[in-house]
Amino acid sequence: MRKRLIGSICLFLAASIWGGMYVVSKYILQFVSPVTLVWIRYVIAFAVLFIVLTFFQHKRGFKVTIKKKDWFLIAWIGFIGYFISICLQFIGTKLSNAHMGSLITASTPVFVILFARFILGELFTRKKVISLMLATAGVVIVIGLDAEALKDTLGNIALVGAAVTWALLSVYVKVASKHLNSLSITTYAILFALMFTTPFMMLQHNNFLLILGNWKTIWGLIYLGVVSTAGAFFLWNKGIELVDAGIGSLFLFFQPVTGSILGWIYLGEKLSPSFFIGGMFIIIAVIVAVKEDY
């Protein structure tokens, strides 16, 4: 029970961090192309995680040995999750909007539960279905359906692709965690993602002087690289390692809730009664799902 509680806390923190990521990303995308933004995030995140990994390995007095088959799995995680999914997420956010990005990305648990059934053999239980329906209703109530946002077809398709590929990442992280620790998986998967992203970044017409000349952009990049990438990716992978992948994915529904709260605190946005009603649906859904595992 203690292991699942820690996993639940990790997943909640990761989802909460990502909840405030869309507004920051939307601002930075005014100055940086989506692929370049992903590349910069990974340069910062890999540097931070590699230093942390090296420190812990030195402190413990041994180095984790990664087998050849595990390297292929890590490379796959880096490609499908940290390269394809994140690029689609930023492209979708740029073509659509932060509001819709948060809503569509919150559909990821649907795909996680489906993939976990066929790849991991996790049971597709009635409680999971009920929790999923409650949480989905909660997200729709919190955010609502934006008729204007629904017109951004290409952006929304990219966001759905991001949700599907992130679901695959979550499932394969669960597979990899049977042999490797979460810190190693996150660090080296980001390294592979950086390798996949670099050629595409070099094709972009980037003005790094413009990027470095704006302090808001610099701080935004640091936040995305250290907090939203290195920190949140590790927390998510650790949480998925400790709990059932299908159950763990439901914590993604906290993204729009956290985003709304941060908008209220920092941007002065109003919280309508629908926020509290929808938020209650999401909380009940996660409690029902997690209690099934306990």
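Tell me, which helices (runs of 4 or more DSSP H) lie completely within the stretch 85-164 with 3 or more residues that are surrounded by fewer than 19 Cβ atoms within 10 Å (Cβ to Cβ) and at pLDDT 75 or above? I'd like the intermediate steps shown before the answer.
On the way: elements: 86-95, 98-105, 108-115, 126-143.
Ranges flagged: 126-143.
All but one of (1) more than 28 Å from Ile222 (Cβ to Cβ); (2) of a type outside the set (Asp, Glu); (3) without any contact (Cβ under 8 Å) to a residue 60 or more places away in the chain hold for Gln57, so report the exception by its number.
Answer for Gln57: the failing condition is (1).
Select, from Ser16, Ser25, the only residue that is over 18 Å from Leu235 (Cα atoms), in contact (Cβ under 8 Å) with a residue 24 or more places away in the chain and among the hydroxyl-bearing types (Ser, Thr, Tyr).
Result of the check over Ser16, Ser25: Ser25.
When you check Lys291 against the structure, is it among the charged types (D, E, K, R), modelled with pLDDT under 75 and part of a helix (DSSP H, G or I), yes or no? If you could, list the steps in order and put the result at the bottom.
Working: among the charged types (D, E, K, R): yes; modelled with pLDDT under 75: yes; part of a helix (DSSP H, G or I): yes.
So Lys291 passes the test.
What are the pairs, 6+ residues apart or on separate chains, where a residue within the stretch 210-229 that is charged (D, E, K, R) has its Cβ under 9 Å from a residue that is part of a helix (DSSP H, G or I)?
Correct list of pairs: Lys216/Tyr27; Lys216/Ile28.
Inspect the stretch 68-82 for any residue being modelled with pLDDT under 80 and of a type in the set (Phe, Trp, Tyr) and give the result as yes or no. Write out each step before concluding.
First, the residues of the stretch 68-82 that are modelled with pLDDT under 80: none.
No, that holds for no residue.
Scan the stretch 11-34 for residues that are more than 16 Å from Ser228 (Cα to Cα) and among the hydrophobic types (A, V, I, L, M, F, W, C) and report the count.
2
Can you tell me which of Gly213, Gly246, Gly231 is among the small types (Gly, Ala, Ser) and surrounded by 22 or more Cβ atoms within 10 Å (Cβ to Cβ)? Outline the logic, then answer.
Numbers: Gly213 fails: surrounded by 22 or more Cβ atoms within 10 Å (Cβ to Cβ); Gly231 fails: surrounded by 22 or more Cβ atoms within 10 Å (Cβ to Cβ).
Every option except Gly246 fails the conditions.
If I ask for residues that are crowded, with 20+ Cβ neighbours inside 10 Å and either of a type in the set (Gly, Ala, Ser) or touching a Lys or Arg at 6+ places or on another chain (Cβ under 9 Å) (or both), which ones from the stretch 165-177 would you list?
Hits for the stretch 165-177 are Ala167, Ser170, Ala176.
Just give me the residues in the stretch 211-253 being in contact with a Gly (Cβ under 8 Å, 6 or more places away or on another chain) and aromatic (Phe, Trp, Tyr), in sequence order.
Matches in the stretch 211-253: Phe251, Phe253.
Please indicate, with yes or no, whether at least one residue in the stretch 181-190 is modelled with pLDDT of 90 or more, among the aliphatic types (A, V, I, L, M) and within 16 Å of Leu37 (Cα to Cα).
Within the stretch 181-190, one or more residues are modelled with pLDDT of 90 or more, among the aliphatic types (A, V, I, L, M) and within 16 Å of Leu37 (Cα to Cα).
The values are calculated or read from the model by the stated rules, or taken from the named source; none is laboratory data. Note that this is a predicted model, so its numbers are computed, not measured. So basically every Cβ, Gly included, is an ideal-geometry build from the backbone, and we count neighbours across all protein chains shown.
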